[in-house]
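What follows is calculated from the coordinates using simple rules that are stated; it is not laboratory data. In this text the structure is predicted, and so the values were computed from the model without any measurement. Please note: Cβ atoms are built from the backbone with ideal geometry, for glycine as well, and neighbour counts cover all protein chains shown.
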Amino acid sequence: MVTVIDTRSRPRHPEKAHRPDQPMPRKPDWIRVRAPGSEGFLATRTILRARGLSTVCEEASCPNIGECWQKRHATMMIMGDICTRACAFCNVATGRPRPLDADEPRRVADAVGALGLEHVVITSVDRDDLEDGGAAHFAAVIGAVRGAAPETSIEVLIPDFLRKDGSLARVVAARPDVLNHNLETVPGLYVRIRPGARYFHSLRLLQQAKELDASLFTKSGLMVGLGETRDEVLQVMDDLRSADVDFLTIGQYLAPSRKHAEVKRYVPPEEFEDLARVAVSKGFLVVAASPMTRSSYHAGDDFRRLRAARDAALSAQS
């Protein structure tokens, strides 16, 4: 059974206090994680704390934090730990963010070197308060990591940049290796689960990324267990392939608290295996689907699979 252990003092969520408590069904035996506390975990935490960095591993209460940090794999969360959105599934605090920290790109790059990362995932809170949604800051972080660790591959998990014209182009121009933007759920659940976002805007964002740079790997992710149907999930797969997305992740939604969206169903492992088979048949180069899959879980290994799959596809065409 999952036990999520907070690793830092977390802000409260007054914006969610008005929500009624939701049922929290007992977790099945197939959802198990390693509790944090290993030597590697503590070393990772020390490196991040010393540089004053936030991670989505902590802020979103990721159940895989013990395993990933033991390997010194951490997903950097830039632009602060306060989001301007209040998605019903997310444990990141909502409120008025602090000003951007101009030294953060340097500190992220320094942490990448100290952790010895071959592949780094960089994400952020939504910053609707910024004119460009934080695109220039993403570009600065990518540039700093490139300068300090040129052999490290870079994956960015970006917000939707809703009504922020030109922001996606600025991030793509910084040349990350992978651009990820999660659709999160099926379109029929957006009003309840992701009310500040727009499904077809997010889909178009992924399509535009490939139009801007055809060599860029694109990636997106879904949570299941929120009340979606199988046919709805298959339609999202088709939508993503129409947008030329290379890599799909599918994982089980786990409610951070009773104030978050209810888990409607725990999807058994064999259904994830079936969804993975279908997704591969639809043309995704790489698919990661399991109860514990998250966007950045095993991201480095998956990136190597992604490159190998593209190389194989190009070889078959020649």
Which whole-Hz ³J(HN,Hα) couplings does segment 84-99 yield from phi under the Karplus relation 6.51 cos²θ - 1.76 cosθ + 1.60, θ = phi - 60°, glycine and proline marked x?
8, 10, 9, 5, 6, 9, 9, 9, 6, 5, 10, x, 9, x, 7, x
Karplus 3J(HN,Hα) series, Hz, for segment 19-28 with 6.51 cos²θ - 1.76 cosθ + 1.60 (x for Gly, Pro)
6, x, 5, 9, x, 10, x, 4, 6, x
Neighbour-count ranking for Ser153, Ser215 (other C-beta within 10 angstrom, fewest to most) reads Ser215, Ser153
Expressed as a whole number of Å, what is the distance separating the alpha-carbon centroids of segment 174-227 and segment 48-107?
20
Gaussian network model of the chain, springs between alpha carbon atoms under 10 Å - residue of Ala243, Ala102, Ala174 with greatest fluctuation
Ala102
Where N is the number of residues in segment 185-244, Cα Rg divided by 2.2 N^0.38 Å:
1.16
Proximal lysine pairs in the chain, meaning Cα under 28 Å and 8 or more positions apart or interchain, come to 15
Listing His201, His119 by rising number of other beta-carbon atoms within 10 angstrom, fewest first, gives His201, His119
For Ser202, Ser315, Ser242, order by how many other beta-carbon atoms lie within 10 Å, fewest first
Ser315, Ser242, Ser202
Please build a GNM for the chain, connecting alpha carbons under 10 Å apart, and tell me which residue among Ser124, Ser290, Ser281 fluctuates the most.
Ser281
Which residue, Gln22, Gln207, Gln252, has the most motion in a Gaussian network model of the chain that connects Cα atoms within less than 10 Å?
Gln22
Through the Karplus equation 6.51 cos²θ - 1.76 cosθ + 1.60, θ set to phi - 60°, convert the phi angles of segment 151-158 into ³J(HN,Hα) values in whole Hz; use x for Gly and Pro.
8, 7, 7, 10, 10, 10, 10, 9
Mean ellipticity per residue at 222 nm, deg cm²/dmol - from DSSP H runs of n ≥ 4 across the chain, formula -39500 (n - 2.57)
-11000 deg cm²/dmol
Can you give me the P(r) profile for the chain? Cα pairs, bins 20 angstrom wide beginning at 0, each as a whole percent.
33, 63, 4
Of all DSSP beta bridges with both partners in the chain, the antiparallel percent, nearest 5, is 5
Low-density loop positions, GluC sites (Glu not before Pro), segment 126-205 - DSSP coil, at most 12 other Cβ in 10 Å
Glu131, Glu151
Considering only Ala148, Cys90, Ser257, whose Cα is most displaced toward the positive end of the charge dipole of the chain, charges sitting on Cβ of Lys, Arg (+1) and Asp, Glu (-1)?
Ser257
Average Cα contact separation per residue, segment 34-317, under 8 Å, 6 or more apart, as relative contact order %
14
With a ≥ b ≥ c the root eigenvalues of the C-alpha gyration tensor of segment 235-318, is it rounded (a/c under 1.5), prolate (a/b larger than b/c) or oblate?
prolate
Can you pull out the GluC sites (Glu not before Pro) in segment 16-122 whose DSSP state is coil and whose Cβ has at most 15 other Cβ atoms within 10 Å?
Glu118
Out of the trypsin sites (Lys or Arg not before Pro) in segment 172-247, which ones are loop residues according to DSSP with at most 11 other C-beta atoms within 10 Å?
none
Magnitude of the charge dipole, the chain, Cβ model with Lys/Arg +1 and Asp/Glu -1, debye to 20:
700
